[in-house]
Amino acid sequence: MPIFGVSVVTAIPGPVTPVTPGPAGPPGPGPASGSALEKTLRVLEVLAAPGGPHRLADVAAACRVPKSSTYRVLVSLVGQGYAVTDGEGRYGIGLRLRLLAAGVGAEHGEGIVELLEFLHKCTGHTVHLALRDGPALICVRKTDGGRPFRTASRVGTRLPLHATAVGKAVLAHLPPSEAEEAVRTAGLPALTARTLTDRERLGAELAGIRERGHAVDEEECEVSVRCVGVPVFDRAGSAVGGISLTATTVHTVRGELERFTPALTQAARGVERLLQLG
């Protein structure tokens, strides 16, 4: 029986537009008419629709491309990082596509970069934005705090789900089967003496995170570093990443860091809107 139970997450409010196939180009001999580029764009449109990950047959039907052609497109997208698969015939949006969306969103006046910098100015702490990449997260934005101390993380760093605040915030809101698979794949390696390496203890921690809405890392990933993190959801309510505030245990007690949780949560909602391109 899975130990990583999860509560239902309400999808982010917003207009839900049914996926409709793009222009098919000049009349062709069948549903596969159109260039390879057109077919790829149709597949991407379906992957980005609410309700993912999507089964191969559903993707093929929605974009009016034969299953064999759809499969080849999906294999290519997965290989390039624009799509991900659960290994059981379902496909979703990949990290590179999310990063592309984030880059477009950041072009707006209230873009992601500006939002994270504002959060940093309000709190004085280091801000991380990370997006899920299989059994780990990738740090895609970092705004350092004003204190001399610098954390080891960098943009591009892979962050473990079980040992970081932002990772535990995501892990706590994954479906139980996905959480179990992530733990099986990555394991629970000890990064410090305080890392949670016991599955039952981690399961209890994740239950507490779901109840209070945020996660805390107490020197579990890096000695003398304390973090608080919240998840970032896509329109369908799936945890696709998270935002965290990071401080040193010398300068900041847990309660002081946790009092910024409302601001952190508000920033996460803003990132969600920008990742969805408004």
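The values are calculated or read from the model by the stated rules, or taken from the named source; none is laboratory data. Please read all numbers here as calculations on a predicted model, not as lab measurements. Counting neighbours? That spans all protein chains shown, and the Cβs are built from the backbone with ideal geometry, glycine included. Keep in mind that these areas ignore ligands, DNA and RNA; they rest on the heavy atoms of the full protein, side chains included. Shrake-Rupley method; radii C 1.70, N 1.55, O 1.52, S 1.80 Å.
Between region 217-259 and region 74-96, how many Å separate their Cα centres?
Centre-to-centre (Cα) distance: 28 Å.
Can you give me the distance in nm between label points at ALA204 and CYS122, each placed 7 Å from the Cα along the Cα-to-Cβ direction?
Between ALA204 and CYS122, the label points sit 3.4 nm apart.
Only four residue types carry charge here, +1 at the Cβ of Lys and Arg and -1 at the Cβ of Asp and Glu. Report the dipole size of region 203-278 about the Cα centre in Debye, rounded to the nearest 20.
Dipole about the Cα centre, nearest 20: 420 debye.
Just the number please: accessible area per residue for region 193-234, 1.4 Å probe, all protein chains included, in Å².
Per-residue value: 42 Å².
With every protein chain kept in place and ligands, DNA and RNA left out, what is the accessible area per residue of region 110-182? Probe 1.4 Å, answer in Å².
40
Among THR192, ALA207, GLY242, which residue has its Cα positioned farthest towards the positive end of the charge dipole of region 157-263, with +1 placed on the Cβ of Lys and Arg, -1 on the Cβ of Asp and Glu, and the dipole taken about the Cα centre?
GLY242
Pull out a ≥ b ≥ c, the square roots of the eigenvalues of the alpha-carbon gyration tensor of region 125-277, then state rounded if a/c is under 1.5, prolate if not and a/b is larger than b/c, and oblate in the remaining case.
rounded
Which percent of the accessible heavy-atom area of region 216-265 goes to carbon and sulfur, probe 1.4 angstrom?
56
Using only the Cα atoms of region 147-206, build the gyration tensor, take square roots of its eigenvalues as a ≥ b ≥ c, and label the shape rounded, prolate or oblate: rounded if a/c is under 1.5, else prolate if a/b is larger than b/c, else oblate.
Prolate, because a/c is 1.5 or more and a/b exceeds b/c.
Using a cut-off of 15 Å between beta-carbons, work out the net charge of the residues near PRO175 (Lys and Arg +1, Asp and Glu -1, PRO175 not included).
Every neighbour counted, the sum reads -2.
Between ARG269 and SER68, what is the FRET efficiency for a Förster distance of 41 Å, r being their Cβ-Cβ separation, to the nearest 0.05?
0.50
What percent does the relative contact order of region 164-278 come to when contacts are Cα pairs within less than 8 Å and at least six residues apart?
Dividing the mean separation by the residue count of region 164-278 yields 28 percent.
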